[in-house]
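Enquirer: So that we are looking at the same thing, I have put the structure below in structure tokens.
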Amino acid sequence: IKIDNSSEPKFKLVIVGDSTVGKTSLLTKIIDKDFNMQTTPTVGVDFKNVVVEVYNKKVHLQIWDTAGQERFRSIAAQYYRRANGCLLLFDITRRETFTALPRWIEDITTNSNELVKITVVGNKKDLSDSRKVTENEADMFCLRQKNNINYTEISVKETDQEAITHIFEEMAKEI
Ligand code: GDP
Ligand code: MG
């Protein structure tokens, strides 16, 4: 993944999920080399333009991060508008962030285009001692959804950057 300073047309990828599940950390990690435990809450919708290479083709992505509005469950419809892909995060140590997924999926599918590709990401795998959702349960949940949702687990804190980059490459392929 490289920073994209070109003016090429871009696919829109949005990151959503409950507050403090690790959305901003994830976006920061693919851009900066180091995971920073001291993330400050995002102010104002933030996005980063990146270019990912898949099948020898450059895919330009504009990745959107929320401004923390998810705390009030009030993400504006325009945040999702024309999104081509969505990374939906939850925290495997906080069950309520998992049970919130159907509401997020509803939000995404009603406000973006119907072909939007969703990947659910279970984060904070490094804290698996306090895990409240099994990998199998999350897998099954995604399989039951009608929009063909993939499931993957990571630790933004400890998973190597290459594996995290892989999520974005897979998303770029799907798009
Ligand atoms: P956001 O509200 O979804 O954007 O969440 P943030 O990215 O701001 O992260 C919230 C908190 O979770 C921060 O203190 C992060 O350092 C922490 N965090 C994010 N990812 C991980 C992870 O994989 N493992 C652990 N242990 N902490 C994480
Ligand atoms: Mg954030």
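Enquirer: Looking at region 51-87 only, could you name the residues that are away from ligand 2 (no atom under 14 Å from the Cβ) and either in contact with a Gly (Cβ under 7 Å, 6 or more places away or on another chain) or β-branched (Val, Ile, Thr) (or both)?
Expert: Start the filter on region 51-87 by keeping residues that are away from ligand 2 (no atom under 14 Å from the Cβ), which leaves 51-62, 73-74, 76-78, 80-86.
Listed by number, the residues that qualify are 51, 52, 54, 59.
Enquirer: Also: State yes or no: is residue 70 acidic (Asp, Glu), open to solvent by 100 Å² or more (accessible area, probe 1.4 Å) and either over 23 Å from residue 95 (Cα atoms) or modelled with pLDDT under 95 (or both)? Steps first, please.
Expert: On the way: acidic (Asp, Glu): yes; open to solvent by 100 Å² or more (accessible area, probe 1.4 Å): no; either over 23 Å from residue 95 (Cα atoms) or modelled with pLDDT under 95 (or both): yes.
Against the criterion (acidic (Asp, Glu), open to solvent by 100 Å² or more (accessible area, probe 1.4 Å) and either over 23 Å from residue 95 (Cα atoms) or modelled with pLDDT under 95 (or both)), residue 70 does not qualify.
Enquirer: Mind listing whichever residues of region 2-20 are open to solvent by less than 60 Å² (accessible area, probe 1.4 Å) and at positive phi?
Expert: Matches in region 2-20: 17 only.
Enquirer: Say we look at region 120-152 and pick out the residues that are under 21 Å from residue 12 (Cα atoms), part of a loop (DSSP other than H, G, I, E, B) and open to solvent by less than 70 Å² (accessible area, probe 1.4 Å); which of these is farthest from ligand 1 (Cβ to nearest atom)?
Expert: As a first pass, look at region 120-152 and keep what is under 21 Å from residue 12 (Cα atoms): 120-121, 147-152.
When the remaining residues are screened for being part of a loop (DSSP other than H, G, I, E, B), the result is 147-149.
From the residues that got through so far, the ones that are open to solvent by less than 70 Å² (accessible area, probe 1.4 Å) too are 147, 149.
Values: 147: 22, 149: 19 Å.
Checked region 120-152; the qualifying residue farthest from ligand 1 (Cβ to nearest atom) is 147.
Enquirer: Separate question: Six or more apart or on different chains, Cβ under 6 Å: which pairs go from a residue in region 100-118 that's closer than 13 Å to residue 70 by Cα to one that's open to solvent by 20 Å² or more (accessible area, probe 1.4 Å) and of a type outside the set (Val, Ile, Thr)? Could you list them?
Expert: Within 6 Å, the pairs are 100/18.
Enquirer: Scan region 11-48 residue by residue and report those that are more than 10 Å from ligand 2 (Cβ to nearest atom), modelled with pLDDT of 90 or more and within 22 Å of residue 82 (Cβ to Cβ).
Expert: As a first pass, look at region 11-48 and keep what is more than 10 Å from ligand 2 (Cβ to nearest atom): 11-14, 16, 18, 29-38, 44-45, 47-48.
Now drop any that are not modelled with pLDDT of 90 or more, which leaves 11-14, 16, 18.
Answer for region 11-48, where residues must be more than 10 Å from ligand 2 (Cβ to nearest atom), modelled with pLDDT of 90 or more and within 22 Å of residue 82 (Cβ to Cβ): 11, 12, 13, 14, 16.
Enquirer: Being assigned to a loop (DSSP other than H, G, I, E, B) and open to solvent by less than 50 Å² (accessible area, probe 1.4 Å), is that true of even one residue in region 161-168?
Expert: The answer is no; no qualifying residue exists.
Enquirer: Within region 83-106, identify whether any single residue is modelled with pLDDT of 95 or more, among the charged types (D, E, K, R), in a loop (DSSP other than H, G, I, E, B) and within 16 Å of ligand 1 (Cβ to nearest atom), and answer yes or no.
Expert: Checked region 83-106: at least one residue is modelled with pLDDT of 95 or more, among the charged types (D, E, K, R), in a loop (DSSP other than H, G, I, E, B) and within 16 Å of ligand 1 (Cβ to nearest atom).
Enquirer: Does region 74-81 contain any residue that is within 13 Å of ligand 1 (Cβ to nearest atom) and either of a type in the set (D, E, K, R) or at pLDDT 95 or above (or both)?
Expert: No, because not a single residue in region 74-81 is within 13 Å of ligand 1 (Cβ to nearest atom) and either of a type in the set (D, E, K, R) or at pLDDT 95 or above (or both).
Enquirer: Test residue 117 against the criterion of being touching a Ser or Thr at 6+ places or on another chain (Cβ under 8 Å), open to solvent by 10 Å² or more (accessible area, probe 1.4 Å) and not polar (S, T, N, Q), and give yes or no.
Expert: Judged against the criteria, residue 117 is not a match.
The values are calculated or read from the model by the stated rules, or taken from the named source; none is laboratory data. Being a predicted model, the structure only gives us computed values, none of them experimental. Cβ: placed from backbone, ideal geometry, glycine included. Neighbour counts: every protein chain shown. Heavy atoms of the whole protein, side chains included, go into the accessibility calculation; ligands, DNA and RNA do not. Shrake-Rupley method; radii C 1.70, N 1.55, O 1.52, S 1.80 Å.
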